[in-house]
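Report on the following structure.
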Amino acid sequence: MTVDDDPLQIWRPYLQQLPAHHDPSSVNLADLENHLLNGVPRVLTRRNEIHVRVTDVYDDHRATKLHRDLESLQGFFTTESAIPDGLNIRILSIYSSASILPLKITPLFMALLLERYAVHPSFIQVLLSFGRNVHISEAGNSLLCVDERENDAYVSYQLNYVEKTKRRLIPWSWRHTGVYHHRHQSNEHQRGYDFFILLHPNETSVPDERILDGLGIFEEPRMQAGLSQNEARNQSILVHSLVLSSFICNWRWYLRYLGDQFEDFNNRALVDLPDESTPRESYKTVSELRNLNDFALRAHVCCRGNLDLVRALKPVIASSLGRRATESTRQALPGCETLSLALEGYIKSCEELIPRMRNAIDLAGYTLSLHNQLETARVDRELRDLTSSLKRLQEDNLDDSAAVKVITFVSAIYLPGSFIVSLYGMNFFVFDEDSRQIVIAKDFWVFLATWLPLTLVTGLIYVLIVWFDAWWKRKPFRFFERPGKRDVSKPEMQVGKEFANE
């Protein structure tokens, strides 16, 4: 059976040894197993790409090596023991190409890493937060876990922050860095050392470079002088301060960026007039202001989470320095105080900026609402004008209809006679040349007997057609009734309702 057939088998050695190294009551193996199976495919790469840096500080030398292929990292795991002789500090840095991409280490090597160094299960939560952007629901959660025992101390946390990019439209991106620190205390059975795992969201890691500089390690493959165990342990405390101070100061410039963006929108909202701006422009202003407000709220939550993280780490670092330290190494504590004061200032800036953004959103919303009211009034005015025009048009139509009706009746009278005359060829009237007069023929009664019934029949047919049309359309038959005001108002109201519905 291969790893692809049963992915859980690579994690079983690590999961099985957890109760022996950590408090069994705090280890939920079923929950960890479920998280590893469901979350690892998104967090760790499935391709043969490796980007892992191993930095060691020994008694006699200091060195760092970057592993970029499977063979190199496999050689490290096979040749190096978990605790080499003379090791004081070991830092494993794992990188990703971008925040939303997986870490460049395969599940197999990550399982070997967790098993070899008996990594505290709390670090799994930090690991599974990678492979995606900082989630809004976790922006203020640092996933901090501190577990101190007689011989060991475990610290794991996640730092959420913003980092400036080279993109023009969105010059800031949300990032997070994971930190795991296991301090082994010296005893009669094993030598003490500090072990770190750093998870970086990109390959150009700022804290990684600062840590190498702080430990006095150069990139070129040459050995530098080592540090004694006490010196190395004091220097290992600086790793936390270097990680925290590398990004916390970014909040100042990010809030400056949000403030500049807000000033532009605020000035626009103050000068925009409801009758000059379009609804689309007003809605765009409200939408962008709400977006800025969401960014400010997220920054406020993150700054509070960072402040809680610094305050929680401070006693841990203080207790570590208090056990064995010279006065010079106590300078790490003022660094935490400086970060705390800076974060408190950023939180106050957010608390000042957020209400102003909400006021601008309300003002832009009122402008949009007033604009809609003006548009409604204009449409209502145009509707009234249109209704008046339709009323006049209907009155004209009624007058024309009456005239047409009169002409129709007149035509109904004359048309049969014209038809009969043409039928009989005008033989009912004879011109007497002797008397110089028009003489009515003796059979003129034939014309009358034909014309009068035909006229009546024509009129009756017309009335029947009008009655049938009213019956078919289910309208009252008012052939001989003069249309009044009531008849005129109903069509107007009907037209107004249909226009309003459209």
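The values are calculated or read from the model by the stated rules, or taken from the named source; none is laboratory data. Here the structure is a predicted model, which is why all the values come from computation and not from measurement. Methodologically, a virtual Cβ is constructed for each residue, glycine included, from the backbone with ideal geometry; neighbour enumeration extends over all protein chains shown. Heavy atoms of the whole protein, side chains included, go into the accessibility calculation; ligands, DNA and RNA do not. Shrake-Rupley method; radii C 1.70, N 1.55, O 1.52, S 1.80 Å.
Answer yes if at least one residue in segment 367-377 is modelled with pLDDT of 75 or more, loosely packed, with under 11 Cβ neighbours inside 10 Å, in the same structural domain as T285 (by the TED database) and closer than 30 Å to V466 by Cβ, and no otherwise.
Checking segment 367-377: not a single residue is modelled with pLDDT of 75 or more, loosely packed, with under 11 Cβ neighbours inside 10 Å, in the same structural domain as T285 (by the TED database) and closer than 30 Å to V466 by Cβ.
Scanning for something among the polar types (S, T, N, Q), under 22 Å from the mean Cα position of the chain (by Cα) and in the same structural domain as H240 (by the TED database), does segment 136-158 turn up at least one residue?
Checking segment 136-158: at least one residue is among the polar types (S, T, N, Q), under 22 Å from the mean Cα position of the chain (by Cα) and in the same structural domain as H240 (by the TED database).
Quick check on my filter: what residues within segment 441-467 are over 30 Å from F477 (Cα atoms) and not hydrophobic (A, V, I, L, M, F, W, C)?
Hits for segment 441-467 are K442, D443, T450.
Of the residues L393, L343, which is part of a helix (DSSP H, G or I), modelled with pLDDT of 80 or more and either polar (S, T, N, Q) or open to solvent by 50 Å² or more (accessible area, probe 1.4 Å) (or both)?
Residue meeting the stated conditions: L393.
Please go through segment 346-366 and give me each residue that is out of contact with any Gly (no Cβ under 7 Å at 6 or more places or on another chain), open to solvent by less than 40 Å² (accessible area, probe 1.4 Å) and at pLDDT 85 or above, ordered by number. Show your work before the answer.
Initial filter on segment 346-366 (out of contact with any Gly (no Cβ under 7 Å at 6 or more places or on another chain)): 346-352, 354-366.
This time we only want the ones that are open to solvent by less than 40 Å² (accessible area, probe 1.4 Å), so: 346-347, 350, 354, 357, 360-361, 364-365.
Result: Y346, I347, C350, I354, M357.
Kindly check whether there is at least one residue in segment 77-84 that is under 46 Å from the mean Cα position of the chain (by Cα) and in contact (Cβ under 8 Å) with a residue 60 or more places away in the chain.
The answer is no; no qualifying residue exists.
If only one of L169, L127 is open to solvent by less than 20 Å² (accessible area, probe 1.4 Å), out of contact with any strand residue (DSSP E or B) (no Cβ under 6 Å at 6 or more places or on another chain) and not hydroxyl-bearing (S, T, Y), which one is it? Working first, answer last.
Details: L169 fails: open to solvent by less than 20 Å² (accessible area, probe 1.4 Å).
Of the residues listed, the single one that is open to solvent by less than 20 Å² (accessible area, probe 1.4 Å), out of contact with any strand residue (DSSP E or B) (no Cβ under 6 Å at 6 or more places or on another chain) and not hydroxyl-bearing (S, T, Y) is L127.
Quick grid of which residues meet (1) under 28 Å from I94 (Cβ atoms); (2) open to solvent by 40 Å² or more (accessible area, probe 1.4 Å); (3) modelled with pLDDT of 75 or more; (4) among the hydroxyl-bearing types (S, T, Y):
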| site | (1), (2), (3), (4) |
| --- | --- |
| L212 | yes, no, yes, no |
| I217 | yes, no, yes, no |
| E231 | yes, yes, no, no |
| H240 | yes, no, yes, no |
| L244 | yes, no, yes, no |
| L255 | no, no, yes, no |
| Q261 | no, yes, yes, no |
| D264 | no, yes, yes, no |
| L273 | no, yes, no, no |
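Quick one: which strands (runs of 3 or more DSSP E) sit completely within segment 18-123 and have at least 3 residues that are modelled with pLDDT of 90 or more, crowded, with 17+ Cβ neighbours inside 10 Å and among the hydrophobic types (A, V, I, L, M, F, W, C)?
The strands (runs of 3 or more DSSP E) meeting that bar are 87-94.
If we scan segment 131-153, do we find a residue that is part of a strand (DSSP E or B), surrounded by 20 or more Cβ atoms within 10 Å (Cβ to Cβ) and of a type in the set (V, I, T)?
no
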